[in-house]
Every structure is written in structure tokens, then in C-alpha cells.
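Undergrad: Starting off with a structure, shown below.
The values are calculated or read from the model by the stated rules, or taken from the named source; none is laboratory data. The structure displayed is predicted, hence computed values, not measured ones. Neighbour counts run over all protein chains shown; Cβ positions are idealised from the backbone, glycine included.
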């Protein structure tokens, strides 16, 4: 789970859980019949005596469960306050982790033993189950000796008459339904006779849910009642404890009602309401602060109608008291929420039928509608608030037209009315239209009225909150103005729109602008970019309005004449003006930024943000990390592989980076194809698993010097059982994601002739699975081993560490405020800089899949690269979300992260090596030259020391080296030269002897050089009196190196007189005389054939015979 997801989950729990006690305080004291409960006050917690808990499941048994708000769409096991608007019911949904029970405790305070009671309620189904072959039942039971809802020692007696039995038994899809519909509810009742409920004792009742196969339905109880004969003669009044009148607009009347009963009355019942609440006996009657019911009127249940017209905003509370001679006073706590039509933050919006504050949603087409959401703007505590949201996506894109309409706005008294609101959009599709009307009726189809479009907001992939402020309503001042948001989607695209913090206010003047957040393409100093445009209106200003551009940007009214400032008269500014903006950098810098300033008299307003870079990519080394999400895989990642390929091509071309570290590559051929299509070269070395890592790089900018899979020897030793890791959190074989080891390439960058070597490490760390704590510990251990290894082996090199770390860097995605699993690098500020740290602290994200949002992709640099890093160049390539439609689902769930570097010209030692590996000479060859090659010219003269290696069979008597002292020669390489040489003279003697060998080795080089890989040269000296015919290989005329072979790299060593290009016939025999190989061709062809064949030969001794015209040679070869 990501850090940001954890924050979100905590928020959802807070927002969705009613902030009341999850357990009852005491019991229900039964004195008079009937007892009733409609559960409409669940916003304050359970009614007195009621409670809920986890009765079974994998979660904590017995844990109290607060009623969670739902409209039936919830999927988690819980106890729910379910319903639409203020009409609530108490419900349950079971899951494997939570099988709830809810119920109540009733204490018999009637003064008598009760032998018969009647329990009745309305059973409602609010969600259908996914299986038509399993019918769900929430079982009812009661107990007269229980002490709690989950008392396992009590006697619980089940009664099927009150079971909550699934109604929608033919459905196969789990979906919310309206439990208030007649088809989805049924009355249940139980006449419980033959009991002995003693006075002062407690009766417990409960409904216990169980997890069914598939997705469970949601079942609820409403309008609960207990009736009995008490035998008491004391006057008593029975009424609900609370009345929730819902929400209304300030000064707009809101009505509701409740019923009450009374027994044994000696006088009428007075019902008195606190202001501003009023009461009446009839819905259409006269409302007053006090009314009176006679005993005759209360012979049966009576209804009290309540009206309130709040004059203040917020929650309005008042008590409605019921008094009668001899009876205890009974109070109903009345509540209404009053909203201003001019300001709505939607924080009380919790259902999906009626939007808060008098707002209305109207669906023209499609099943999806505007609804409340808990994903609103962050509050002052940083947690998300509630908002309203619309999406036409439901198991695919659906066609929709849906209106969200404000309450009536009386704008007649406003000077200049303006509207502002926050909005957030995700996914490509139609824009959101903001409309206004002065003749809408307030109900019914909006098509019956005249609507004018104020603005159309474009959909994008940014999924970030934006503010549209000061949208003018001056032309629509009326006593009956409505603002509407019109959403449309098609079967091709269905964006998601979220709205919050709607506000209408009156101002003396205002400035309204279109979006002025503009990021210009790179532009060289001294030149100008293409223009972008924005519009503005400045209404109500008395003086000229002056627009000023930030430094290095210019403005124009006509797109031709540009200046740093533009001046408009007050009348001109009040119109809808189009302004052209261009980037005109005067000098080279990574980033120029600034806002556009609007000045009129003493009023100064800044809007937007302009940005541009004059540091061209061609002058920097640009490095990127990108997880490509199962690139090239079949059945993994994006379903349309061809589209993923084309989108990945767009990404690579758009990034235009020099080095791109990629992760989750599943097909090497596909990534090679992508490299070829974009002009890149791809390099990789296989690691364990399907998800490979590698680098795309521009070969004309960087060259590869070396590459290496880090920690591979350690991992191989672990697999071989020859070493182990102390205290590794789990099996050693799972080290570094089971062998998905970091991959390092040493690049040499060349930017305009400046060269610098950089070691770039690409990693893909262990992901978080079912046991995220263990995964965290594994990553932490892996990171420590890598850190120690880098410190020991690469402590002073230019190092970039990048990849998918599967963790954040400021705070881990695992746990609460836990350090990153890569804190060993983050905290080591003396040696590393975490380039992505500030972005992480700003709550940026690179990874998003469903509700999971995290920052997982990072770049670190060693302190050796601090000066080369272009300050503030680290960036998440968020523009790709708008460049590529539905990027997250069609391309990758990770965004690339980039950083830029200058290149410091650095002089490195140049490799020097022998030009050839070996030569064979006869004794009479005389003097010959041995050549050295330098990889590139060095400006100053250099020297190389060469000496024979120990173990030579040729001695100083067999050859001499010109200029050598004690067998060692120092060769001078002139300035700017790329070759050098020394002479060797072979001494001819008259002895018949075996071939003699000496290996010369480069043992030292001056500061401008480094010893290359070809640092040895082998000289074979052959006797010059070899007879014609078969030459014995043991005499040195013909040999194979090495004599004992395991695989390839075999070299044939024939006398120098046998020309390299001459045709030879080679035959290889086993000791049994079987011909295992026959070759006809050059020495090279014979050698290659032998190398290919030897790997397939069984162990043993083989004879190798070669015919070269008149001569025959033979030797033996041992296959190990």
C-alpha cells in the first residue's frame, strides 16, 4: 500500500464512519408500550441500548463497529447506516474479515414480569448479492441471560420470523438497490409468548450476519417496534429521541414529522418547540411554538409536524418537549442543516440521491449521475473533505448527459456577482460546461429553460485540483439565477469530474482569466518561442489595466507586436480580451518562471505561471527512469500491446533523453524494436525473473565502457549454498527480489567535446505484497548490502542510482511515518543526494493504479555529481498524462522521472594494449616488431613497461628485446600517437628442440594511460629444422592452447611457415579411433569449428591431426 493510499484509507474511514459511539451506553429502559426506533439519528451514533460488533471473521473478534454511512454500494464487511437522505436504516454486510452482529439490550422496568411481547420491524435489502444459487439469511436470536451482544455463554434462541432473508434471489451482480422501494422491503414480526421476562432483568436481541459465497448483499432493519402489556397506571409519553430534518437553504422552510403515543393520561399533552422550530397537528395547518393533544387524540398514534426556516448557516438544533400531568417529560432533539445558496463546500454530502444544500442532479441520458464523494479538496488538517463527482465509466465507457444544478440564486442585490469553484478532472473526454439560466423553474428538465454557456473546461489526465475564480455573472443578475454544470460522456470516452467549494459573491470589480499556466518548449537564448494565448476580462475597474510579463517573457495584443507590458483602458479591459505570450530568454538558464501581473491603480493581481528553459537538451546530459509496466508481455500489463508499443514510442521521443533506465521489460526483442524505431541503442544483462531492466541510450551522445550485474557473485554463492546472509528477513534466495539484481553501466558522455564518465545503476526493488512489513524489511536489507558494496568498490566515481524503488523516500509506503526502506541512502547526505526527496515531500506521485497512488520512482546521485546536476531539474513527466490518452491504462501505471546534468570535461587515462595476442616464429625469423595500440591520442608523451611473465619455456638465450634491461623494456609513446612498438630478435641455434614460449605482459603505464584488457602477448619460437611429414605435437611444431579444455576459446598454434590463409584439413579422433570432427578450410575456420564442437564432446583424450599440403601435424587434446 502506498503512503498516499494509507492517508486516503484513513480519511475514508473517518469520513464514512459516523462519529458516534460504536457501543450502546446502557440499555433501553422499557416502562410503557410501545418502544419504537426509526434509526434516523444514526448520525449521532447508535440509539441508546443498541450496538454492533464483529461477531466472526479474520479480524479482531468482539471489536466494536460504528455504523458506516452507505447507500448500499459499500463492499466491506461492516454495520451500516444505510439509506438515502435522512431516512436511515441499520444494516449489515458480511465479508471474510468481518461478520457483523447488531442488536440491543432492553431492561424490563415495567414493575411486572412480561410473559408476551411483540417485536416488529421493516426488513430492507439495500444491495443485491452476486450469487443466485445461494440465498442469504441474517439470523435473529434473543437471550434472557446474555450480558453482551457476543456473550458465548448465554442461551441464544433463534427465531426465523425476524430473520433478514434475501429478497433479490435471482440477481447475479452485486449492486446497490433502493431499499425503500416496495419490491426491496418486507414487514417482519414475532409474537414472543411463553417467556418469563422478570422485572429488572435484560432481554438481548441481535441479528448475526455470515459471509456468503460471492459478493454479499446488504440487509437492514427499519421502523423497529416492541409492544407489550405492562399493567402500569402511571401516565407515560413515548416519542423518538431525535428528529433529523435534513438540509435546507437559509430562510427556506424545511418540514418533517414524527409520531408519538401516550398512555394513562390524566391531562392533555403539550408539545413545545424551541425557536426556530414550529409544530403543527397537520402538514398544511398552522405552525406554532406550542400545540396540545387531548387524551382522545392520543388514543392512537399521533403525528407531530415540524417546520423550520433557519436564519443562520450550519447545524441548527432545538428541543421539542412533551409534557403532561403526572408523566415524565419527553424530549425530541430536532436538527436541521442550513446552507447558503451562495457557498457550498459539500462537506455534508453523503448520499447519492440528493446533493447537499439544495443542489439538484438531473440525468438526461445514462444511468450514472452526479453523486457525493469523499475525495474532495484537502481541509486545513490536510485530510480530504467531501465533494460531488460524476463519471460515465461503469464497466466501460457509457453514454451520459447529466446536470448538476445550483439552488436559486438571488443576484438582484449584488453589485457584480462572480462565481468561483474548485475542480478536478481525470481521463480524456468531453469538457465540462458551466451554464447559467434566469428562467429555470428549479425542478424538472433543464431543457425547458434557456441556458447560456459561461465556459467549457477541458478534460485532462492531470487529476489535480484547479481553481476557476471570478467567472462573471453580471449579465445574469436576477432573483432567480441558476448555475449548472453539464457533464457528457460517450462510449469512446468518459472523463471523471469532481467539484468542490462553490461560491458566489458580490464584488466591486473582478479579474477573470483563462488558464495561464504555460510551459514553453526549450528556446535558445536570444531567440523567441512560438506564442501561446490566454483570455481575460477585468470588470469594474476605474483606471487603466496594465498587464506585465515576468522577465524573459513578452506579451502581445495581436500576435505581432510584443512588449513587456500591455495597457488597456477600463472599457477595453472589461471585454473578453485575447493575449499572446511568448518566451524570449536573454541568457541561458535551466528555468525561467513568473506570473502575469494585472495592475489597475493600487490594485495588483498576479495570475498563472509562465515557465521556460533556455538550457537546450543538446547541451546537457538528460537521464530518465521509467517503469514500462510489463512491456512486451502477453497477458500482463496493458491489454492492447500494439497500442502500448506506439505509446511507448511517443514517450521515448517526447522525453528525448540521453539515457533512459527502464524496468519491467518482458520481451528483449520488443524493446530492441522500440530502440530501433526511436534511434536508441538498448543494453541489458539478464537478471532473475520475467521483469528485466536495462538502458536505452543515444549512441552518439554516450558510449558504453563497461556493464555489470551488481551483487551477482553473492547471489550465486547464496544459490549454491556456499554463503548465507546473516539475519535476512526470509530465505536468502529471495535476496534482491529473488535475484532481480541492480544493473550498472559505465557510460562516457560526450557533450560538445566535453567528456565525463558516469556509472548509472538501474534497480527494481521488491514490491509490496500481502506481507508488506516483511517486504519492507527485505528492501531495507537489500539496500544496506548495495550501499556497503558501492562504498567499498565505487566510493569515488560519478554515480547515478535510479529505478523503481517500490517505496517512497521521505516516508515509507509501509506503516505510519516509518523511514523509507532506502533510508540508508537518503540519510547519507555526505555521500548521496536524493533528487526526488523534495517532490516526495510535496506529495507528488509517479505510480497510480486504481485507488493506489504512490511515489515509487526515484533518482539519487553521489556527491561527485553535485556540481554537474542542474539545480531543480528533477521532474515527474506529468505532461505525458495529457499527451497520451488514458496513459495509466494504455501505457504504464508509472510516470517517468527525469534529471539533467552538465558535463565537465574530464581527462581519463587512455587504454594501451598489445595489437595482437600472439605470434609464432621460427628460430631463423630474425628480428620482428611487436606493436602496441593506444585507444586514443594523448597530448603528452607516455611510457609503458613490458616484461616477460614467469613460467616461460623460452629463455633470454632464445631471444633479445631491443632496449631491455634485465628482460624489461620501457616503450615510449610519442605525444598524440596511437601506436608504438618494440623489436624482438630470435636467436637461431642448431639444437633440435621443442617449441618454446614466452608471454610478455604490460606491467606498468604512465599517468595518462591505463592498461587495457589485451595486456599480454605470446611468442612461440619454433625449431627451424622440422622434417617434412608428420610432426610430433610434443616437439612444439603444433599445439593447442589450452591443452586441457572445458569449452570454447581454443587456439590452434601452427608454425609461422603455415600461412594463415592456407587451406588445411583437420581431423579429430577419439581414443577409440572414431572420427568426431572433419574440417577443410583456413586455420581460422578449423579453429572455429573445433571451438563449436568441443562443448558437445564427452570427457576424454582426443588426437588432432592437420594436413597442410606436404606437411602433417598432430597433437593431443584433453576434454575435461
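Undergrad: Regarding residue 461, is this residue assigned by TED's automatic domain parsing to the domain that holds residue 377 and within 30 Å of residue 396 (Cβ to Cβ)?
TA: The answer is yes for residue 461.
Undergrad: Can you confirm whether segment 739-748 contains a residue that is part of a helix (DSSP H, G or I), assigned by TED's automatic domain parsing to the domain that holds residue 856 and either in contact (Cβ under 8 Å) with a residue 12 or more places away in the chain or closer than 30 Å to residue 882 by Cα (or both)?
TA: Yes, segment 739-748 has at least one match.
Undergrad: Assigned to a helix (DSSP H, G or I), surrounded by 14 or more Cβ atoms within 10 Å (Cβ to Cβ), in the same structural domain as residue 744 (by TED's automatic domain parsing) and touching a residue at least 60 places away in the same chain (Cβ under 8 Å), is that true of residue 714?
TA: Spelling it out, residue 714 is indeed assigned to a helix (DSSP H, G or I), surrounded by 14 or more Cβ atoms within 10 Å (Cβ to Cβ), in the same structural domain as residue 744 (by TED's automatic domain parsing) and touching a residue at least 60 places away in the same chain (Cβ under 8 Å).
Undergrad: Based on this model, can you work out whether residue 187 counts as touching a residue at least 40 places away in the same chain (Cβ under 8 Å), closer than 27 Å to residue 118 by Cα, surrounded by fewer than 20 Cβ atoms within 10 Å (Cβ to Cβ) and out of contact with any helix residue (DSSP H, G or I) (no Cβ under 9 Å at 6 or more places or on another chain)?
TA: yes
Undergrad: Six or more apart or on different chains, Cβ under 6 Å: which pairs go from a residue in segment 1042-1055 that's over 18 Å from residue 1019 (Cα atoms) to one that's part of a loop (DSSP other than H, G, I, E, B)? Could you list them?
TA: Taking only residues 6 or more apart or on different chains, the pairs are 1044/1120; 1046/1120; 1047/1095.
Undergrad: Could you tell me which of the residues 227, 247, 199, 251 is at positive phi and in contact (Cβ under 8 Å) with a residue 40 or more places away in the chain?
TA: Result: 251 is the single residue among 227, 247, 199, 251 that is at positive phi and in contact (Cβ under 8 Å) with a residue 40 or more places away in the chain.
Undergrad: While we're looking at this one, here's another question. Considering only segment 146-262, give the strands (runs of 3 or more DSSP E) lying wholly within it that have at least 3 residues that are within 44 Å of the chain's Cα centre (by Cα) and closer than 30 Å to residue 314 by Cβ.
TA: The strands (runs of 3 or more DSSP E) meeting that bar are 242-249.
Undergrad: If you don't mind, another one. Taking the conditions exactly as written (more than 23 Å from residue 881 (Cβ to Cβ), part of a strand (DSSP E or B), assigned by TED's automatic domain parsing to the domain that holds residue 364 and under 32 Å from the mean Cα position of the chain (by Cα)), does residue 436 satisfy them or not?
TA: So residue 436 does not fit the description; no.
Undergrad: Please return the ranges of helices (runs of 4 or more DSSP H) entirely within segment 793-883 where 3 or more residues are exposed (fewer than 15 other Cβ atoms within 10 Å of the Cβ) and either touching a strand residue (DSSP E or B) at 6+ places or on another chain (Cβ under 9 Å) or in contact (Cβ under 8 Å) with a residue 40 or more places away in the chain (or both).
TA: none
Undergrad: Looking at segment 616-636 only, could you name the residues that are crowded, with 21+ Cβ neighbours inside 10 Å and part of a loop (DSSP other than H, G, I, E, B)?
TA: Once the filter is applied, which keeps residues that are crowded, with 21+ Cβ neighbours inside 10 Å and part of a loop (DSSP other than H, G, I, E, B), segment 616-636 yields 620, 632.
Undergrad: Would you be able to say whether some residue in segment 333-341 is touching a residue at least 12 places away in the same chain (Cβ under 8 Å) and more than 30 Å from residue 498 (Cβ to Cβ)?
TA: Yes: segment 333-341 contains one or more residues that are touching a residue at least 12 places away in the same chain (Cβ under 8 Å) and more than 30 Å from residue 498 (Cβ to Cβ).
Undergrad: While we're on this one: Within segment 404-429, can you find the residues that are in contact with a helix residue (DSSP H, G or I) (Cβ under 7 Å, 6 or more places away or on another chain), under 20 Å from residue 386 (Cβ atoms) and part of a strand (DSSP E or B)?
TA: Scanning segment 404-429 gives a single hit, 405.
Undergrad: Go through 942, 916 for me and flag whichever is surrounded by 19 or more Cβ atoms within 10 Å (Cβ to Cβ) and either modelled with pLDDT of 90 or more or over 27 Å from residue 994 (Cβ atoms) (or both).
TA: 942
Undergrad: Ok, one more. Using the structure shown, decide if residue 53 is modelled with pLDDT under 90 and either assigned to a strand (DSSP E or B) or surrounded by fewer than 20 Cβ atoms within 10 Å (Cβ to Cβ) (or both).
TA: So residue 53 does not fit the description; no.
Undergrad: Tell me yes or no: at least one residue of segment 895-905 is touching a strand residue (DSSP E or B) at 6+ places or on another chain (Cβ under 9 Å), in the same structural domain as residue 775 (by TED's automatic domain parsing) and over 25 Å from residue 588 (Cα atoms).
TA: yes
Undergrad: I would also like to ask the following. So which residues in segment 263-277 are closer than 15 Å to residue 297 by Cα and either in a strand (DSSP E or B) or not assigned by TED's automatic domain parsing to the domain that holds residue 330 (or both), if there are any at all?
TA: 263, 269, 270, 271
Undergrad: If you take the residues in segment 1033-1042 that are at pLDDT 75 or above and part of a loop (DSSP other than H, G, I, E, B), which one is farthest from the chain's Cα centre (by Cα)?
TA: In this case the residue turns out to be 1038.
Undergrad: Could you please let me know if residue 786 is within 20 Å of residue 661 (Cα to Cα), assigned to a loop (DSSP other than H, G, I, E, B), touching a residue at least 40 places away in the same chain (Cβ under 8 Å) and assigned by TED's automatic domain parsing to the domain that holds residue 687?
TA: No; evaluated as a whole, the condition is false for this residue.
Table: residues versus (1) modelled with pLDDT of 95 or more; (2) within 15 Å of residue 711 (Cβ to Cβ); (3) not assigned by TED's automatic domain parsing to the domain that holds residue 625.
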| residue | (1), (2), (3) |
| --- | --- |
| 759 | yes, yes, no |
| 765 | yes, yes, no |
| 805 | yes, no, no |
| 815 | no, no, no |
| 831 | yes, no, no |
| 835 | yes, no, no |
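Undergrad: Looking at segment 694-704, can you tell me whether even one residue there is without any contact (Cβ under 8 Å) to a residue 12 or more places away in the chain, surrounded by fewer than 18 Cβ atoms within 10 Å (Cβ to Cβ) and in the same structural domain as residue 757 (by TED's automatic domain parsing)?
TA: Yes, segment 694-704 contains at least one residue that is without any contact (Cβ under 8 Å) to a residue 12 or more places away in the chain, surrounded by fewer than 18 Cβ atoms within 10 Å (Cβ to Cβ) and in the same structural domain as residue 757 (by TED's automatic domain parsing).
Undergrad: So which residues in segment 768-783 are modelled with pLDDT under 95 and in contact with a helix residue (DSSP H, G or I) (Cβ under 8 Å, 6 or more places away or on another chain), if there are any at all?
TA: Of everything in segment 768-783, those that are modelled with pLDDT under 95 and in contact with a helix residue (DSSP H, G or I) (Cβ under 8 Å, 6 or more places away or on another chain) turn out to be 768, 769.
Undergrad: For segment 310-369, list the strands (runs of 3 or more DSSP E) that sit wholly inside it and hold at least 3 residues that are more than 14 Å from residue 244 (Cα to Cα) and in the same structural domain as residue 401 (by TED's automatic domain parsing); which are they?
TA: Here the list reads 360-365.
Undergrad: Shifting gears a bit: Which residue out of 1008, 1012 is surrounded by 13 or more Cβ atoms within 10 Å (Cβ to Cβ) and more than 25 Å from residue 1053 (Cβ to Cβ)?
TA: 1008
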